[in-house]
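What follows draws every value from the coordinates through simple rules; no lab data is involved. Computed from a predicted model, the values in this text were never measured in an experiment.
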């Protein structure tokens with residue numbers, strides 16, 4: 001479940017939001033299942049829902065073939081020849097990770113490249129800033 005709160009003009013008086021639910025279980029009623037769950041948890045009143053869109057995806061996650069590890073190792077060997085190439089993110093790192101882990105991976109790469117420019121936490125201010 002994700003709520004996209006910041007896709008509008010910050011000056012606009014907005015009294016609605018967008019929710020995105022990823023349904024990974026087999027169901028003939030994805031909309032009903034999601035709405036029922038949101039109501040059960042007290043997050044949404046069905047009467048407040050203005051619009052619904054369903055985007056079916058055949059394959060939401062990669063399925064690795066046998067021999068994948070060998071091919072991956074060979075690709076990593078070839079790519080390691082480029083000193084200025086940094087593989088960041090779930091697809092580049094061949095890891096199933098969440099968005100927060102994607103961001104942490106990107107921050108760790110920036111810290112390695114520019115240690116003097118990045119505070120340990122993005123929430124800390126540098127003394128000279």
Just the number, please: Stokes-Einstein D of region 1-95 in µm²/s, Kirkwood Rh from C-alpha pairs, 20 °C, 1.002 mPa s. 121 µm²/s
Given 10 °C, 1.306 mPa s and a Kirkwood radius over Cα pairs, the Stokes-Einstein diffusion coefficient of region 2-48 in µm²/s is 127 µm²/s
Across bins of 5 angstrom width beginning at 0, how are the C-alpha pair distances of region 60-100 distributed, in whole percent? 5, 19, 26, 24, 16, 9, 1
